[in-house]
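J.: Dropping the structure in here first, questions after.
The values are calculated or read from the model by the stated rules, or taken from the named source; none is laboratory data. Just so we're clear, the structure is a prediction, and the values are computed from it rather than from any experiment. For neighbour counting, all protein chains shown are included, and Cβ atoms are generated from backbone atoms with ideal geometry for every residue, glycine included. These area figures cover heavy atoms from the full protein model, side chains too; ligands, DNA and RNA do not enter into them. Shrake-Rupley method; radii C 1.70, N 1.55, O 1.52, S 1.80 Å.
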Amino acid sequence: MFPASRYTLQARKCVRALKALRREHLSPHTSRWSSTSAPVPRITSHYTIHPRDKDPRWEGVEMERYADEADVVIVGGGPAGLSAAIRLKQLANEHNKELRVCLVEKASQIGAHTLSGACLEPSALDELIPDWKERGAPLNTPVTEDKFGILTKKYRIPVPILPGLPMNNHGNYIVRLGHFVRWLGEQAEELGVELYPGYAAAEVLFHEDGSVKGIATNDVGIAKDGSPKDIFERGMELHAKVTIFGEGCHGHLAKQLYKHFNLRENCQPQTYAIGLKELWVIDEKKWKPGCVEHTVGWPLDRNTYGGSFLYHLNEGEPLVALGFVVGLDYKNPYLSPFREFQRWKHHPSVAPTLEGGNRIAYGARALNEGGFQSLPKLTFPGGLLIGCSPGFMNVPKIKGTHTAMKSGMLAAESVFQKVTDEGLQSETAGVHVPEYEENLKNSWVWKELYAVRNIRPSFHNYFGLYGGMVYTGLFYWMLRGKEPWTLKHSGKDSAQLKPAKECTPIEYPKPDGKISFDLLSSVALSGTNHEHDQPPHLTLLDDSVPVARNLAVYDGPEQRFCPAGVYEYVPLESGEGMRLQINAQNCVHCKTCDIKDPSQNINWVVPEGSGGPAYNGM
């Protein structure tokens, strides 16, 4: 594996000519996107696009990596990965077995990249750590009041939450999920799990027979232009009998595994949403600890899936968590999820809660919405997928933590039986654990996701939001998901945008600096930071596509769907034409660009470990 190359001028011309020729043959429509006489500025310098073995700057650089061995390696320190780690060590202790479990997490601290609403259903936690209250789990706010409403531009129409509907939060807790994840990390360490925060898993390693061997962490000390610095160090290899991938939504390594093992062959495309969140300290007179509010409707139209949440926490100060979710299957390239969120806060039913308050945090992340229909094959020789990586979120419940945790626990139980079987005769060097998928299908996770499988795709109808709500009321509430059909999603989110010429630009109000805010001041509250002198981790398969297609056809939608101001189109120095500028240091690791890019030209890869947001209990 060698990274970044610098072509000679002649070679670059040849490569561009070949790419242009290939595009002309592939599609009759692309010639108008790519035809330009001006040279395309080089944007991408990452080794995954420009291999280092062709770059003279890397000649003589020591590329050997140190390797270490564990029984199980877990990628990702979220609820799923930590639950798997905890359960593995619980079983090892119960059976007096030596079991080395290593977990790598790209955030600088466990929980620093975690963001969710979050209203936690404690079912999986009750199973994993029955005495969680005595152990001080930070579940401080039981739900005391549950509200749901439809917003018009000026009014809020209350909708009763009937018993049995998925949005009923009786018995749940409002939590700051980053704090809960950090607590899970402490429980894992107490049991002997080796946690390695600040180490990003950058590569899947394979045995000669094709089974997964483990992972390699990212190299460090690479300059922005892709050349080695004096401090260059190779990443480390972690080998295991089984590697558990729990990277979260749209994981960088999971994408590679889907292709390598054809895991998505028999499922529908995954669909996603983007969730944006803020924390506010409000006037104590307006504070209602335990109150949970959800809305749908304004400012989105009936054919754009989404909604809001407003949770009153009981954390020793009058704190509220509020956020806005937009389905990434939206059509209008002028839509900005961030600005829809800011506009929503000015609704007459929302603004009074925030007036006089102080915003203290901001963040964003993508979430899986495909549900049951979009679950891939979960196991393969040497590894398996857990949590939000394959997508266990219950969309109508707006919850995925409990299902992610349970998937990690089931994975741990299945893996433990295999790796501790002294008589095991594995057909591959990496141990295959198909029992995990079988156990999952026999669990309450599978039943729960199956029951709600039709709710999200039911919104794809002429009446949009309102048709979906009618479907939910009639078929879910009455039949509990037992209808003898399964609806399909409308396809990949990246294929849903209409050309800009077919859409009306959206005029958003200017932020007032009191309730609504601009993008860059918001990103500043996320604590996001990356080493500036490193190759941008937002890589482009073809540097010419953003201007030639995304800007020309869709008016540069990445400027609007990114919630962190990473992408902007700026004039060329010559003054003729535009170029895409990538502000990678702003990236909050939400993966929205990788998902929604209509050209599927953006490939999000991990930056140097510890880079990214520094959320405190988001």
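J.: Is there a pair in Lys106/Lys399; Lys488/Lys510; Lys153/Lys482 whose C-alpha atoms are over 31 Å apart, and which pairs would that be?
T.: Over 31 Å Cα-Cα: Lys488/Lys510; Lys153/Lys482.
J.: So, one more: Under a 1.4 Å probe, what is the accessible area of the chain per residue, stated in Å²? Mind dumping the intermediate values first?
T.: Values: 25960 Å² over 618 residues.
Accessible area per residue, the chain: 42 Å².
J.: Still on this structure: Given the C-alpha atoms of the stretch 324-386, compute the convex hull and give its volume per residue in Å³. Spell out each step's value before the answer.
T.: Numbers: hull volume 10.5 nm³, N = 63.
In the stretch 324-386, the Cα hull volume divided by residue count equals 166 Å³.
J.: Still on this structure, I have one more. Determine ³J(HN,Hα), in whole Hz, for all residues of the stretch 95-109 in sequence, where each value follows from phi through the Karplus function 6.51 cos²θ - 1.76 cosθ + 1.60 and θ = phi - 60°; x replaces Gly and Pro.
T.: 9, 6, 10, 7, 9, 8, 10, 10, 10, 10, 9, 6, 6, 5, 9
J.: A further question follows. How much net charge surrounds Glu237 when only other residues with a Cβ under 11 Å from its Cβ are counted (Lys, Arg +1; Asp, Glu -1)?
T.: Working: positive: Arg65, Lys213, Arg234; negative: Glu64, Asp68, Glu69, Glu203.
With Lys, Arg at +1 and Asp, Glu at -1, the net is -1.
J.: How big is the dipole moment of the chain about its Cα centre under a simple scheme where the beta carbon of each Lys and Arg is +1, that of each Asp and Glu is -1, and everything else is neutral? Debye, nearest 20, please. Can you show the working numbers first?
T.: On the way: 67 positive and 70 negative charges, 515 e Å.
In total the dipole reaches around 2480 debye.
J.: I'd like the accessible area for Trp446: 1.4 Å probe, protein heavy atoms, all chains in place, Å² to the nearest 10.
T.: Probe radius 1.4 Å; accessible area of Trp446 about 50 Å².
J.: By how many nm would the segment from Ser574 to Lys498 lengthen if fully extended, with 0.36 nm per residue of separation less the alpha-carbon distance? Could the numbers behind the result be given before it?
T.: Values: separation 76, 0.36 × 76 = 27.36 nm, distance 3.10 nm.
Residue separation times 0.36 nm, minus the Cα-Cα distance, leaves 24.3 nm.
J.: Go from 0 up to the bin containing the longest alpha carbon distance in the stretch 196-255, width 5 Å each, and give me the % of pairs per bin.
T.: Pair shares across the bins are 4, 16, 22, 23, 16, 12, 7, 1.
J.: Calculate, for Glu94 and Tyr462, the FRET efficiency according to 1/(1 + (r/R0)^6) with r their C-beta to C-beta distance and R0 60 Å; round to the nearest 0.05. Let's see the in-between values first.
T.: Numbers: r = 56 Å, r/R0 = 0.93.
E between Glu94 and Tyr462, to the nearest 0.05, is 0.60.
J.: Considering amide H positions built from the backbone, and no H for Pro or chain starts, which residues 5 or more places from Tyr567, or on another chain, come under 5 Å of its amide H?
T.: Sorted by chain and number, the residues that satisfy this are Asn583.
J.: What do you get for trypsin sites (Lys or Arg not before Pro) in the stretch 303-380 restricted to DSSP loop and a cutoff of at most 15 other Cβ within 10 Å of the site's Cβ? Intermediate values should be presented prior to the final figure.
T.: Details: sites: Lys331, Arg339, Arg343, Lys345, Arg359, Arg365, Lys377; in loops: Lys331, Lys345, Lys377.
Listed in order of number, the matching sites are Lys331.
J.: OK, next. When only Cα pairs under 8 Å and 6 or more residues apart are kept, what is the percent relative contact order across the chain? If you can, show how the numbers build up before the last one.
T.: On the way: 1423 pairs, mean separation 124.1, N = 618.
It rounds to 20 percent for the chain.
J.: Sticking with this one: Please express the shape of the stretch 59-145 as an equivalent ellipsoid: the semi-axes are the square roots of 5 times the eigenvalues of the C-alpha gyration tensor, given largest first in whole angstrom.
T.: Computed over the stretch 59-145, the values are 33, 21, 8 Å.
J.: Please give me the summed charge of the neighbours of Ile161: other residues whose Cβ is under 9 Å from its Cβ, Lys and Arg +1, Asp and Glu -1. Provide the component values of the computation, followed by the final result.
T.: On the way: positive: Lys147; negative: Asp146.
Within the 9 Å Cβ shell, the charges total 0.
J.: Quick check on my link table: of Lys54/Lys377; Lys345/Lys596; Lys418/Lys591; Lys345/Lys501; Lys277/Lys406, which ones sit more than 27 Å apart, alpha carbon to alpha carbon?
T.: On the way: Lys54/Lys377 36 Å; Lys345/Lys596 25 Å; Lys418/Lys591 34 Å; Lys345/Lys501 30 Å; Lys277/Lys406 25 Å.
The pairs that break the limit, which is 27 Å between Cα atoms, are Lys54/Lys377; Lys418/Lys591; Lys345/Lys501.
J.: Next up: Please list Ser521, Ser516 from largest to smallest accessible area, probe radius 1.4 Å, with all protein chains kept in place.
T.: Working: Ser521 45, Ser516 5 Å².
My answer, sorted largest first, is Ser521, Ser516.
J.: Another question about this same structure. Do the sum for the chain: with -39,500 (n - 2.57) for every DSSP H run of n ≥ 4, divided by all residues, what is the mean residue ellipticity at 222 nm, to the nearest 500 deg cm²/dmol?
T.: The per-residue figure over the chain is -6500 deg cm²/dmol.
J.: Another one. Within the stretch 96-163, report the chymotrypsin sites (Phe, Trp or Tyr not before Pro) that DSSP leaves as loop and that have at most 16 other Cβ atoms within 10 Å.
T.: Details: sites: Trp132, Phe148, Tyr155; in loops: Trp132, Tyr155.
Loop-located and lightly packed - Tyr155.
J.: Which percent, nearest 5, of DSSP beta bridges in the chain are antiparallel? Before the final figure, lay out the partial values.
T.: Details: 61 of 87 bridges.
Looking only at bridges with both residues in the chain, the antiparallel portion is about 70 percent.
J.: Ignoring solvent entirely, what values of log10 I(q)/I(0) come out of the Debye formula for the stretch 181-327 at 0.09, 0.18 Å⁻¹ when each Cα is a single scatterer?
T.: -0.55, -1.14
J.: Largest first, please: the extent of the C-alpha atoms of the stretch 122-218 along each principal axis, to the nearest Å.
T.: For the stretch 122-218, the Cα extents along the three principal axes come out at 61, 38, 25 Å.
J.: On the Cα set of the chain, report Rg and Dmax in Å, please.
T.: So, for the chain, Rg and Dmax equal 24.1, 71 Å respectively.
J.: Over the stretch 197-331, what relative contact order in percent results from Cα pairs under 8 Å that are six or more residues apart? Show your work: numbers first, answer last.
T.: On the way: 207 pairs, mean separation 23.6, N = 135.
This gives 17 percent for the stretch 197-331.
J.: Expressed as a rounded percentage, what relative contact order does the stretch 137-286 have, with Cα pairs under 8 Å and six or more residues apart? Each step should come with its number before you reach the end.
T.: Numbers: 140 pairs, mean separation 19.4, N = 150.
In percent, rounded to a whole number, it is 13.
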